[in-house]
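The next block holds one structure in the form of structure tokens; read it before the comments.
The values are calculated or read from the model by the stated rules, or taken from the named source; none is laboratory data. Note that the structure is a prediction, hence the values are computed from the model and not measured. For neighbour counting, all protein chains shown are included, and Cβ atoms are generated from backbone atoms with ideal geometry for every residue, glycine included. Remember, those area values only see protein heavy atoms, side chains included, never the ligands or the DNA or RNA. Shrake-Rupley method; radii C 1.70, N 1.55, O 1.52, S 1.80 Å.
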Amino acid sequence: MPIPNKPAFDVIELTRQLVSIPSFVDKQHNETALVDYLEKFFASNLPTLKTERQYIDSSRNRANLVIKGRGKPKLFVLGHIDTVQPTDNWSTDPLTPVVRDNRLYGLGAADMKGSLAAFLCALIETDSTLLDNMMILLYVDEEYDFAGMRRFLEDNTLNRTPPELIISLDGALDLLSGCRGLIEFSARIKGKSGHSSNPNNGLNVITRTVDAIQNLEVQLHEFNDAQLGDSTLNVAYLQGGVIENQNGQDQWLREGNVIPDTADVVLEFRTAHRDLDAIKARDLFVREIEEQKLSVDSITVRHNYGLWPVSYDSRMMSFLEQCYEDAGLVFQKSDRSKSGFIDVQMITEVITAPTYVIGAGGENKHGANESVDIEDLTKAKDIYKVILINS
């Protein structure tokens with residue numbers, strides 16, 4: 001795909017180009033094509049910035065892109081370049097961007113290729129001498145297992161050259177600080193089978209597991225924060241029944257006359273309190289399961305990421321409020337009471353620099369007909385440009 005020549009840049013057209021390059025991850029696809037595009041983009045249009053690939057999976061050529069100016073970074077800007085896999089029920093081809101009713105529709109338009117396009121356009125429109133003291137991280141795997149962020153933090157780059165301000169592009173125009181943590185684990189639960197003619201013959205693992213989860217949800221109200229709201233629980237997966245080994249493989253039986261004795265469940269917690277970590281969540285879950293006379297056969301933790309407390313540095317707030325004013329935008333803080341996890345939280349555990357999220361936003365993230373407002377693309381570009389000029 002051709003790289004536009006400076007200065008013929010348009011944020012809508014650049015968003016189109018980014019959306020049209022698949023960067024979801026499955027057996028056939030990953031983020032490599034977009035990394036190739038972005039590497040060429042910087043070489044052609046921002047040659048004073050040095051780009052470097054940071055591999056997370058050399059067998060599939062998956063890599064972050066780290067971009068640095070010539071001096072010590074004062075400003076650190078980051079954003080992920082992967083998207084979720086396309087879902088059903090799109091009214092258009094998710095990889096063929098469409099502009100309709102002042103919105104651009106396409107996979108990743110809101111999360112977060114629109115923000116990325118706005119930032120790239122702001123870079124192009126900024127005097128290159130003002131970019132010497134910045135670093136950019138365009139990273140992979142945010143929508144899956146955070147491997148890109150974890151790989152970046154392994155290098156301790158931020159510890160060696162801590163920035164004065166960190167901006168994540170993964171948000172909307174309202175200034176964002178803080179997010180709830182993310183805990184996810186899978187478990188196998190065991191009950192007792194028996195003939196279904198008399199429920200007392202066994203312990204129905206499905207109904208009792210549901211009761212345990214509902215009781216657990218009530219307990220989570222104790223783990224709350226004035227700004228982050230309540231801790232919440234999502235039952236992401238639940239399967240139950242009786243398992244029988246057939247030809248060396250476990251098979252779930254679909255018989256109506258047997259009390260189910262085995263259940264598999266995946267639970268996802270969004271934690272608003274430091275006391276609720278994976279160990280605490282697991283212990284609460286096990287206790288509720290045992291209250292139902294069931295037993296936990298195994299538990300495997302996939303994610304255990306803490307919360308990012310809401311924090312607004314007074315000096316940096318004055319700077320950012322002025323930036324919004326200079327960009328002609330209304331300065332507002334995002335409501336964090338039902339926040340999703342943002343992996344910039346992992347950075348806040350490493351260094352203490354003021355950290356915020358500003359993006360172009362959008363609708364239907366992770367769903368069909370994802371879109372971004374055309375006007376918000378321009379607004380995001382404007383605020384990024386002002387921050388770049390004044391940092």
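Hand me the list of strands (runs of 3 or more DSSP E) wholly inside region 70-130 holding 2 or more residues that are hydrophobic (A, V, I, L, M, F, W, C), modelled with pLDDT of 95 or more and open to solvent by 10 Å² or more (accessible area, probe 1.4 Å).
Details: elements: 75-80, 98-100, 103-105.
Answer list for region 70-130: 98-100.
What are the pairs, 6+ residues apart or on separate chains, where a residue within region 303-326 that is more than 25 Å from L182 (Cα to Cα) and in contact (Cβ under 8 Å) with a residue 40 or more places away in the chain has its Cβ under 7 Å from a residue that is of a type in the set (A, V, I, L, M, F, W, C) and crowded, with 17+ Cβ neighbours inside 10 Å?
Partner pairs satisfying both residue conditions: M316/L165; L320/L175; C323/I383; C323/V386; C323/I387; Y324/I383; D326/V386.
Among the residues of region 64-97, which ones are more than 23 Å from G114 (Cβ to Cβ) and out of contact with any helix residue (DSSP H, G or I) (no Cβ under 6 Å at 6 or more places or on another chain)?
K68, R70, G71, K72, P73, K74
Of everything in region 259-298, what is open to solvent by 50 Å² or more (accessible area, probe 1.4 Å) and of a type in the set (A, V, I, L, M, F, W, C)? Give them in sequence order.
Kept after step one, since they are open to solvent by 50 Å² or more (accessible area, probe 1.4 Å), are these residues of region 259-298: 270, 273-275, 277, 279-280, 282-283, 287, 290-291, 293, 295, 297-298.
Of everything in region 259-298, just one residue is open to solvent by 50 Å² or more (accessible area, probe 1.4 Å) and of a type in the set (A, V, I, L, M, F, W, C), namely I279.
Considering only residues that are surrounded by 16 or more Cβ atoms within 10 Å (Cβ to Cβ) and not in a helix (DSSP H, G or I), look in region 310-328 and name the one that is farthest from the chain's Cα centre (by Cα).
By that ranking, first place goes to A327.
Test of understanding: among N102, N61, N30, which residue is farther than 23 Å from D170 by Cα and in contact (Cβ under 8 Å) with a residue 12 or more places away in the chain?
Details: N102 fails: farther than 23 Å from D170 by Cα; N30 fails: farther than 23 Å from D170 by Cα.
Only one candidate passes the filter, namely N61.
Looking at region 185-198, is at least one residue outside any helix (DSSP H, G or I), touching a helix residue (DSSP H, G or I) at 6+ places or on another chain (Cβ under 6 Å) and among the aliphatic types (A, V, I, L, M)?
Quick first cut of region 185-198, residues outside any helix (DSSP H, G or I) only: 185-198.
Now drop any that are not touching a helix residue (DSSP H, G or I) at 6+ places or on another chain (Cβ under 6 Å), which leaves 189, 191, 194-195.
Next cut, among the aliphatic types (A, V, I, L, M) only: 189.
Yes, the conditions are met somewhere in region 185-198.
Can you tell me which residue in region 215-237 is farthest from L284 (Cα to Cα), limited to those that are of a type outside the set (S, T, N, Q) and open to solvent by 70 Å² or more (accessible area, probe 1.4 Å)?
Keep residues of region 215-237 that are of a type outside the set (S, T, N, Q), which gives 216-218, 220-223, 225-226, 228-230, 233, 235-237.
Cutting the leftovers down to open to solvent by 70 Å² or more (accessible area, probe 1.4 Å) gives us 217-218, 221-222, 226, 237.
Details: E217: 10, V218: 11, H221: 13, E222: 12, A226: 23, Y237: 19 Å.
So, considering only residues that are of a type outside the set (S, T, N, Q) and open to solvent by 70 Å² or more (accessible area, probe 1.4 Å), the one farthest from L284 (Cα to Cα) is A226.
Restricting to region 50-65, and then to whatever is open to solvent by less than 10 Å² (accessible area, probe 1.4 Å) and hydrophobic (A, V, I, L, M, F, W, C), can you tell me which residue is nearest to T126 (Cα to Cα)? Show your work before the answer.
Residues of region 50-65 open to solvent by less than 10 Å² (accessible area, probe 1.4 Å): 63-65.
If we keep only those that are hydrophobic (A, V, I, L, M, F, W, C) as well, we get 63, 65.
Numbers: A63: 27, L65: 21 Å.
Only one residue tops the list, namely L65.
Might you let me know whether region 371-382 holds any residue that is closer than 20 Å to L78 by Cβ and among the polar types (S, T, N, Q)?
No.
Scan region 187-214 for residues that are polar (S, T, N, Q), in contact (Cβ under 8 Å) with a residue 40 or more places away in the chain and either over 16 Å from S295 (Cβ atoms) or open to solvent by less than 40 Å² (accessible area, probe 1.4 Å) (or both) and report the count.
Let us first name the residues in region 187-214 that are polar (S, T, N, Q), namely 193, 196-198, 200-201, 204, 207, 209, 214.
Adding the requirement that they be in contact (Cβ under 8 Å) with a residue 40 or more places away in the chain leaves 193, 196-197, 201, 204, 209.
Of the ones still in play, those that are also either over 16 Å from S295 (Cβ atoms) or open to solvent by less than 40 Å² (accessible area, probe 1.4 Å) (or both) are 196-197, 201, 209.
Within region 187-214, residues that are polar (S, T, N, Q), in contact (Cβ under 8 Å) with a residue 40 or more places away in the chain and either over 16 Å from S295 (Cβ atoms) or open to solvent by less than 40 Å² (accessible area, probe 1.4 Å) (or both) number 4.
If you take the residues of region 11-38 that are modelled with pLDDT of 95 or more and polar (S, T, N, Q), which of them is surrounded by the most Cβ atoms within 10 Å (Cβ to Cβ)?
Restricting to residues being modelled with pLDDT of 95 or more and polar (S, T, N, Q), the top hit is T15.
In region 329-376, what residues are β-branched (V, I, T), buried (at least 18 other Cβ atoms within 10 Å of the Cβ) and in a loop (DSSP other than H, G, I, E, B)?
I342, V344, I358
Would you tally the residues in region 213-270 being out of contact with any strand residue (DSSP E or B) (no Cβ under 7 Å at 6 or more places or on another chain), in a loop (DSSP other than H, G, I, E, B) and within 18 Å of S298 (Cβ to Cβ)?
Result for region 213-270: 0.
For region 179-205, how many residues are out of contact with any Ser or Thr (no Cβ under 7 Å at 6 or more places or on another chain) and within 24 Å of M112 (Cα to Cα)? Lay out the reasoning, then the answer.
Going through region 179-205, the residues out of contact with any Ser or Thr (no Cβ under 7 Å at 6 or more places or on another chain) turn out to be 182, 184, 191-201, 203-204.
Adding the requirement that they be within 24 Å of M112 (Cα to Cα) leaves 182, 184.
So the count comes out to 2.
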